[in-house]
Amino acid sequence: MNRLGLGGWAILVLAAIFFITPLVMTATFSFWEGGDRYGFDSYRILLHSPKLFESAWLSIQLSLASVLALLVLLVPAMIFMNLYAPRLRPVFEFMATLPFVVPAIALVAGLSALFTGPEWLIGTPFYLVVPYFFLGLPYAYRAIDVGLKSIDLDTLTEAGQSLGASLGQIIRLVVLPSLRSAMLGSALLTLAVVFGEFTFANVLLFHTYAVYINEIGQHDPTEAAALSVASFLLTWAAMLGVLVLGGGRRPAVGGR
Amino acid sequence: MRSPLAVFFIVLFLAVNVLFMLAPTAMLAIQAVFDDDGAFTLEYFQALAQYQYASSFENSLILSLLSATVGVIAGGLIAFAVLKDDAPRWLRSVVTSFSAVAANFAGVPLAFSFIATLGTLGLLTKLLKTWGIDIYAAGFSLYSIGGLTLVYSYFQIPLMVIIFFPALEALRPSWREAAENLGASTWQYWRLVGLPVLAPSLLAAWILLFGSAFSAYGTAYALTSGNIALVTTEISAVLSGNVVSEPQIGAALSVGMIVVMVLVLLASNLLSARAARWSVKS
């Protein structure tokens, strides 16, 4: 029999201790006001800091822009590649693997070496959307690839065409709805990853949320703890979204 | 049928990749082999042998090896325990969703959580002290390779749990039943059937975890602040001009990282091809 014995429970309890302790300690620490006093001081200070909202707002905008860039550039290209140019598949696979092979810090080194201008591109924080596109690319590529494989694209397109639908109608009414969960899943994952991204923003000197947390942490550990708790909860909310939207729904059409 | 729209989108996607991914990577390789006067030289790659850079590679490799090993063993055991027949059903969804959160809770916030817990003034450090256990006097430090391994485990273990669930589920109960019917003990089943079947996916997972630790930057940056040189923090120090060294050194370090990652990925592809042998469609 395959039973969860004493050893199994011991492993789970140890794991629970390892994972819960830092969270509880960090939460407690964020309420510390010096000496024996505990309260909401650090949260109050943070809520009155305009820089927090500025940096968080910038990170939200960057996340949304990155998701948009990813969906607009990747989804149509993948649909058309599958329909008309399946021979390009290895090229796409290679592109989707590159961000794994080139670590973020190496890519940012390459970008700074190659692009020293123009100012309208590298001078605005939205320059970060370029590396963030590659941050989300491997995940989004996998998810959409699985989504496209689960429907019989060729047959669906032929069926649509024989019924008199235009290519635009087929993509809008047949292909995109069946990719909805894959697109939502990768969108939420990209949102979560970009919102907390530190490497690119820190090296390229833009004041995003993660860079702000790091700045705060250099001089005020309790406020940094409060922000860490907040980001844990935010990550959790985003991941719950991924699980609910990505796991709950099956493709509406097709299937083999 | 070919539509101009299709050509447009495919070309656009490939162009973005070439311009912002391939070209910067190629630029690194070029930058690393030319000196300020534009003459070809290998001196920057030779400079990587200097103590400072060699030790940063050594530290990064040790940290990645250690945290990947801890992650594979601990994460593997957790996934294994959760998938037991009599484990409560709610346990699986709790572990899955928590792992998804914790695997993505990396970077600066993670570093600060551990500083608040196990730093020199951390709550747990002080709590243990009141119980008479002074962990810093006993040789522990959060700001060492061991401490970093502990912090990295916080995202490595959940990552392993997520990766390993599907592999464990592919172990078919019928194999176990067949082994039992033929009189095999639990130990014999694992030694002769279970582990050999899982070995390729275990190694592939280990390699993925290695890569995730090797390229991690935020956590190390917020935790070490220069105490321990890692390749990622060395590159960022060169880029931000905090240290006096030529940009070519940063490029050479980056090329070194990419070479390590390419080797890691090649090994992973070889192993997952082996793993695929056993995943027959049921």
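The values are calculated or read from the model by the stated rules, or taken from the named source; none is laboratory data. Since this is a predicted model, take the numbers as computed values, not measurements. As a convention, Cβ positions derive from the backbone with ideal geometry for all residues, glycine included, and neighbour counts pool all protein chains shown. Calculation scope for accessible area: heavy atoms of the full protein, side chains included, ligands and nucleic acids excluded. Shrake-Rupley method; radii C 1.70, N 1.55, O 1.52, S 1.80 Å.
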Could you compute the FRET efficiency for residue B:259 and residue B:3, with r as their C-beta to C-beta distance and R0 at 35 Å, rounded to 0.05? 0.30
Compute the long axis of helix A:104-114 from its Cα atoms, compare it with the longest principal axis of the Cα atoms of chain A, and write down the angle in degrees, 0 to 90, nearest 10. 70 degrees
Rounded to the nearest 10 Å², the accessible area of residue A:9 at probe 1.4 Å: 110 Å²
What translational diffusion coefficient, to the nearest whole µm²/s, does chain A have by Stokes-Einstein, given a Kirkwood radius computed over alpha-carbon pairs, a temperature of 25 °C and 0.890 mPa s viscosity? 115 µm²/s
What is the spin-label model distance, in nm, from residue B:30 to residue A:220 if the labels are put 7 Å beyond Cα along the C-beta direction? 4.7 nm
Residue-averaged 222 nm ellipticity for chain A, from DSSP H runs of 4+ at -39500 (n - 2.57), nearest 500: -24000 deg cm²/dmol
On protein heavy atoms with a 1.4 Å probe, the accessible surface that disappears when B meets A, both sides summed and given to 100 Å², is 6800 Å²
Accessible-area ranking of A:139, A:132, largest first, probe 1.4 Å: A:139, A:132
With everything on Cα atoms, drop me the angle between helix A:6-30 and the longest principal axis of chain A, reported from 0 to 90° to the nearest 10. 60 degrees
What order do B:187, A:236 take when sorted by accessible area (1.4 Å probe), most exposed first? B:187, A:236
For the protein assembly as shown, dividing by residue count, accessible area per residue (probe 1.4 Å) in Å² works out to 47 Å²
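Protein chains only, probe 1.4 Å: how do B:84, A:51, B:126 rank by accessible area, largest first?
Values: B:84 35, A:51 100, B:126 80 Å².
Ranked list, largest accessible area first: A:51, B:126, B:84.
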Mean other chain Cβ within 10 Å across A:91-102 is 5
Cα→Cβ-extended label distance, 7 Å offset, between residue A:24 and residue A:57, nm: 3.9 nm
The long-range amide H neighbours of residue B:41, using H built 1.01 Å from N in the peptide plane and a cut-off of under 5 Å, are B:34, B:35
Return the FRET efficiency for the residue pair residue B:73, residue B:227: r is the Cβ-Cβ distance, R0 is 22 Å, and the value is rounded to the nearest 0.05. 0.25
Give the accessible area for residue B:186 in Å² (nearest 10); use a 1.4 Å probe, count only protein heavy atoms, and leave out ligands, DNA and RNA. 80 Å²
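For chain B, what does the helix formula give at 222 nm: sum of -39500 (n - 2.57) over DSSP H segments with n ≥ 4, over the residue count, nearest 500 deg cm²/dmol?
On the way: 14 runs with 199 residues, N = 282.
Roughly -23000 deg cm²/dmol at 222 nm, from the helical runs in chain B.
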Taking a straight Cα-to-Cα line shorter than 20 Å from residue A:51, and setting aside same-chain aspartates and glutamates fewer than 8 residues away, one finds A:41, A:197, A:215, A:220, A:223
So what are the ³J(HN,Hα) numbers for the stretch B:124-134, from phi and the Karplus equation (6.51, -1.76, 1.60; θ = phi - 60°), rounded to whole Hz, Gly and Pro as x? 5, 4, 5, 4, 5, 5, 5, 8, x, 10, 9
Can you pull the mean other chain C-beta count within 10 Å for peptide B:83-95? 3
For the stretch A:40-248, what relative contact order do you get, as a whole percent, if you take Cα pairs closer than 8 Å and at least 6 residues apart? 32 percent
Global geometry of the protein assembly as shown, whether rounded, prolate or oblate, following the gyration tensor of its Cα atoms and the 1.5 cut on a/c: rounded
In whole µm²/s, the translational diffusion coefficient that Stokes-Einstein assigns to the stretch B:168-245, given a Kirkwood hydrodynamic radius over C-alpha pairs, 25 °C and 0.890 mPa s, equals 151 µm²/s
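Charges only on Cβ, +1 for Lys and Arg, -1 for Asp and Glu: so what's the dipole of chain B about the Cα centre, in debye to the nearest 20? The partial results should precede the final answer.
Numbers: 12 positive and 13 negative charges, 250 e Å.
Once rounded to the nearest 20, the dipole reads 1200 debye.
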Degrees between helix A:153-162 axis and first principal axis of chain A (Cα, 0 to 90, nearest 10): 50 degrees
Measuring from label point to label point, each 7 Å out along Cα→Cβ, what is the residue B:169 to residue A:89 span in nm? 2.4 nm
Return the aspartates and glutamates within reach of residue B:126: Cα separation strictly under 14 angstrom, same-chain partners fewer than 8 residues apart disregarded; answer none if there are no such residues. A:36, B:134
If amide hydrogens are placed 1.01 Å from N in the peptide plane, which non-local residues have theirs closer than 5 Å to the one on residue A:38? A:33
Tell me the accessible surface of residue A:97 in square angstrom (1.4 angstrom probe, heavy atoms of protein chains only), to the nearest ten. 40 Å²
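On the protein heavy atoms, probe 1.4 angstrom, tell me the percent of accessible surface of the protein assembly as shown carried by carbon and sulfur. List each step's numbers first, then the result.
Working: 17310 of 25280 Å².
Using a 1.4 Å probe with all protein chains present, the protein assembly as shown comes out at 68 percent carbon and sulfur.
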Test item: A:81-87 mean partner chain Cβ contacts at 10 Å: 3
For chain B, modelled as a Gaussian network with Cα springs under 10 Å, which listed residue fluctuates most, B:219, B:149, B:117? B:117
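What shape does chain B have by the C-alpha gyration tensor, where a ≥ b ≥ c are the square roots of the eigenvalues, rounded means a/c under 1.5, and otherwise prolate means a/b greater than b/c and oblate the rest? Can you show the working numbers first?
On the way: a/c = 2.06, a/b = 1.23, b/c = 1.67.
It is oblate, given that a/c is not under 1.5 and a/b is not larger than b/c.
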